[in-house]
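Heads up, the thing below is written out as structure tokens.
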Amino acid sequence: MSYQEAKEKYASIGIDTDAALQKLQDVPLSLHCWQGDDVRGFDTDPDAPLTGGIQTTGNYPGRAGNPQELMSDIEEVLRLSPGKKKLNLHANYAIFEKGKWVDRDQLEPKHFAPWVDFCKKNHLGADFNPTFFSHPKCDPLTLSSPNEETRNFWIRHGKACVRISQYLAESLDCVCTMNIWTGDGFKDIPADRLGPRMRYKESIDEILSEPYDFHKVKPCVESKVFGIGVESYTAGSAEFALSYAAMNPGKCIPLMDNGHYHPTEVVSDKIPALLTFFPEIALHITRPVRWDSDHVVLFDDETKEICK
């Protein structure tokens, strides 16, 4: 069927396809920067292994090795792909002047000024993510750690990221979604399932006590069913993350990653359920193959259902 034929059929039931396509041109998709360098980032030892239950190793052949290479590769993606875009940044992509490195709890907006310039040049908004993995202060827990010193370090990191998200939103005149995800969990069955989640909740409460404009910054909490090394228990389960958003309207919105659920669950059916109760939700669109494998997205059946 040609577009003209489809257009006429839709018009017969009152749908203007030209208007729908034009509206779609104004809906930005957020392009995750970390695909470009295998989630390595620029703030830690490039020879150290990545952690946090993620699949990537940080040594994919041909990955970008510095900010200039990553920006160049992103520009090539923008050139090849249609539609409006935002750039999704992780905190470990901070860019430091020589000799002026700081740890993640001391990050400031100025460390992302080069990204703001890049976004302005390419007419992009930006989203943001604290980086609660691949760092010496993962013990291996972060926001749910029983060690107060460890926990407070990561709380300070989260607060710094709220300030950076506000800076990105104001600098680019575009809403910034700030996503909180940790790989906190256990490989084997824990004796205590409640304690880590109570600490996790208190830590997020403390992070979101940092002032921000909810009209400009949209914090969210992402769940995950399991990861490498955290097969038996994940502090940020689906029930935890959704309950946190439900209990904190005006402070937090739900986020669903369609690779972070049991393989028999489909996010496409969860979307209308959440929209019954939440005015807005955030999505991470991926292509899981039997688990959170993050294969490159295709226009497959589930992606089509999500788009509906």
Response to the item:
Rounded to the nearest 10 degrees, the helix 194-207 long axis (Cα) sits at an angle to the longest Cα principal axis of the chain of 70
Worksheet item: How far is helix 148-172 tilted off the main Cα axis of the chain, in degrees rounded to 10, range 0 to 90?
Response: 30
Worksheet item: What chymotrypsin sites (Phe, Trp or Tyr not before Pro) in segment 237-304 are in a loop by DSSP, with at most 12 other Cβ atoms within 10 Å of the Cβ?
Response: 277, 299
Discussion item. Looking at the chain only, what percent of DSSP beta bridges run antiparallel? Nearest 5 please.
Written reply: 15
Worksheet item: Quick one: if you stick a label point 7 Å off each Cα along the C-beta vector at residue 122 and residue 283, how many nm between them?
Response: 2.2
Worksheet item: Ordered by residue, what ³J(HN,Hα) values in Hz, to whole numbers, does segment 115-121 give under the Karplus form 6.51 cos²θ - 1.76 cosθ + 1.60, where θ = phi - 60° and Gly and Pro are x?
Response: 6, 4, 4, 4, 5, 4, 4
Worksheet, complete the sentence: Of all GluC sites (Glu not before Pro) in segment 65-160, the ones in DSSP coil with at most 14 other Cβ atoms within 10 Å are 97
Response to the item:
In segment 3-251, taking the dipole from +1 charges on Lys and Arg beta carbons and -1 charges on Asp and Glu beta carbons about the Cα centre, the listed residue (68, 89, 11) farthest towards the positive end is 11
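If a/c stays under 1.5 just call it rounded; otherwise compare a/b with b/c (prolate if a/b is bigger, oblate if not). Do that for segment 153-262, with a ≥ b ≥ c from the square roots of the Cα gyration tensor eigenvalues.
Cα axes put segment 153-262 in the prolate bin.
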Worksheet entry | Of 288, 174, 258, farthest towards positive along the dipole that unit charges on Lys, Arg, Asp, Glu beta carbons give the chain | 174
Discussion item. Using the Karplus curve 6.51 cos²θ - 1.76 cosθ + 1.60 with θ = phi - 60°, what ³J(HN,Hα) values do you get for each residue of segment 76-93, in whole Hz, with x for Gly and Pro?
Written reply: 5, 4, 4, 5, 8, 10, x, x, 7, 10, 10, 10, 9, 9, 9, 4, 6, 9
Worksheet item: Which far-off residues, 5 or more places away or on another chain, put their amide H under 5 Å from the one on residue 258, with H placed in the peptide plane?
Response: 284, 286
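Normalised by the number of residues in segment 169-299, what is the relative contact order in percent for Cα pairs under 8 Å and 6+ residues apart?
23
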Fill in: Total charge dipole magnitude, the chain, about the Cα centre, Cβ charges on Lys, Arg, Asp, Glu only, Debye to nearest 20
380
Discussion item. Amide H of residue 185 versus every other amide H placed in the peptide plane: which residues, excluding those fewer than 5 positions away on the same chain, fall under 5 Å?
Written reply: 235
Worksheet item: Got the relative contact order for the chain handy, in percent, Cα pairs under 8 Å and 6 or more residues apart?
Response: 13
Practice prompt. Using amide H atoms built 1.01 Å from N in the peptide plane, name the residues 5+ places from residue 85, or on other chains, whose amide H lies under 5 Å from its own.
Written response: 29
Practice prompt. Specify the residue with the greatest mean-square fluctuation among 286, 264, 51, computed from a Gaussian network of the chain linking alpha-carbon atoms under 10 Å apart.
Written response: 264
Worksheet item: How far is it, in nm, from the label point at residue 13 to the one at residue 268 when both lie 7 Å from their Cα along the line to the Cβ?
Response: 1.6
Worksheet item: Where the centroid of each part is defined by its Cα atoms, how far is segment 157-175 from segment 259-277 in Å?
Response: 28
Item to complete: Take each of the peptides 136-147, 159-170, average the number of other beta-carbon atoms within 10 Å over its residues, and list them starting from the highest.
Response: 159-170, 136-147
Item to complete: Evaluate the Kirkwood expression for the hydrodynamic radius of the chain, namely the inverse of the mean inverse distance over all pairs of different C-alpha atoms, and round to one decimal in Å.
Response: 20.5
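Each reported figure results from applying straightforward, stated rules to the coordinates on display, with no laboratory input. Source: prediction; values computed, not measured. With ideal geometry, Cβ positions are generated from the backbone for all residues, glycine too; neighbour counts draw on all protein chains shown.
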